[in-house]
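Enquirer: Quick one: the structure is below, and I'll ask about it shortly.
The values are calculated or read from the model by the stated rules, or taken from the named source; none is laboratory data. The structure presented is a predicted model; accordingly, all values stated were derived computationally and were not measured. Ideal geometry is used to build each Cβ from the backbone, glycine not excepted, and the neighbour counts take in all protein chains shown. These accessible areas exclude ligands, DNA and RNA; they are computed on the full protein's heavy atoms, side chains included. Shrake-Rupley method; radii C 1.70, N 1.55, O 1.52, S 1.80 Å.
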Amino acid sequence: MASLSSKVKTYCANNGVANVDFMTDVMLQDDSNGQGPYIKTWNVSGVTQPTAEQLNAVDTAADLEERQNAVRATRKNAYGDLGSQLDMQYHDNVDGTTTWIDHVASVKTANPIPTE
């Protein structure tokens, strides 16, 4: 199940709002009473505040986005810094090797992006 913030982002994206600022547009709150987080304030221009049913309807898409973002973060770490990648590319060009391409391919193979 996706987080409330992910569901809100997906709901807004489905309604034409690309970016949601959780400091001004939408304020989420959790009163630690076992009820979980909820929307405290809704200031998204042109989009009505979603009902629980509307948020549940986007749960699958929001969950997929969260899982994809987790894999992207893992890949970014595994790729290493850009300087090291550029150095690999330089040496590949000078030495006629495929170190960088092999590295990128192994990271992608080890960390596939989920599609469903």
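Enquirer: Just name the residue that is farthest from MET1 (Cα to Cα) out of those in segment 21-53 that are among the aliphatic types (A, V, I, L, M) and more than 21 Å from the chain's Cα centre (by Cα). Step through it out loud before you land on a result.
Expert: Let us first name the residues in segment 21-53 that are among the aliphatic types (A, V, I, L, M), namely 23, 26-28, 39, 44, 47, 52.
Those still in the list that are more than 21 Å from the chain's Cα centre (by Cα) too: 47, 52.
Working: VAL47: 23, ALA52: 14 Å.
The qualifying residue farthest from MET1 (Cα to Cα) is VAL47.
Enquirer: Which residue pairs have Cβ atoms closer than 6 Å, lie 6 or more positions apart in sequence or on different chains, and pair a first residue in segment 97-116 that is outside any loop (DSSP other than H, G, I, E, B) with a second residue that is among the aromatic types (Phe, Trp, Tyr)?
Expert: VAL107/TYR79
Enquirer: Okay, moving on. In segment 35-44, what residues are open to solvent by 80 Å² or more (accessible area, probe 1.4 Å) and without any contact (Cβ under 8 Å) to a residue 24 or more places away in the chain?
Expert: Going residue by residue through segment 35-44, those that are open to solvent by 80 Å² or more (accessible area, probe 1.4 Å) are 35, 38, 40, 43.
Scanning segment 35-44 gives GLN35, LYS40, ASN43.
Enquirer: Do we have any residue at all in segment 12-31 that's in contact with a helix residue (DSSP H, G or I) (Cβ under 7 Å, 6 or more places away or on another chain) and of a type in the set (Ser, Thr, Tyr)?
Expert: no
Every residue, every condition in (1) farther than 28 Å from VAL58 by Cα; (2) hydrophobic (A, V, I, L, M, F, W, C), yes or no:
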{"site": "GLY83", "(1), (2)": "yes, no"}
{"site": "TYR90", "(1), (2)": "yes, no"}
{"site": "ASN93", "(1), (2)": "yes, no"}
{"site": "GLY96", "(1), (2)": "yes, no"}
{"site": "VAL104", "(1), (2)": "yes, yes"}
{"site": "THR115", "(1), (2)": "no, no"}
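Enquirer: Another question, then. How many of the residues in segment 66-96 are open to solvent by less than 60 Å² (accessible area, probe 1.4 Å) and more than 30 Å from SER5 (Cα to Cα)?
Expert: Count: 5.
Enquirer: Additional query: Please state which one of PRO114, PRO50 is in contact with a helix residue (DSSP H, G or I) (Cβ under 6 Å, 6 or more places away or on another chain) and surrounded by fewer than 13 Cβ atoms within 10 Å (Cβ to Cβ).
Expert: Just one listed residue meets the conditions, PRO114.
Enquirer: Give the residue, chosen from ALA13, ALA61, that is surrounded by 14 or more Cβ atoms within 10 Å (Cβ to Cβ), under 28 Å from LYS108 (Cβ atoms), under 22 Å from the mean Cα position of the chain (by Cα) and free of Cβ contacts under 8 Å to residues at least 12 places away in the same chain.
Expert: None of the other options fit; the residue is ALA13.
Enquirer: Could you pull out the residue among GLN68, GLN49, GLN54 that is in a helix (DSSP H, G or I), at pLDDT 95 or above, over 30 Å from TRP100 (Cβ atoms) and of a type outside the set (A, V, I, L, M)?
Expert: None of the others qualify; the one that does is GLN54.
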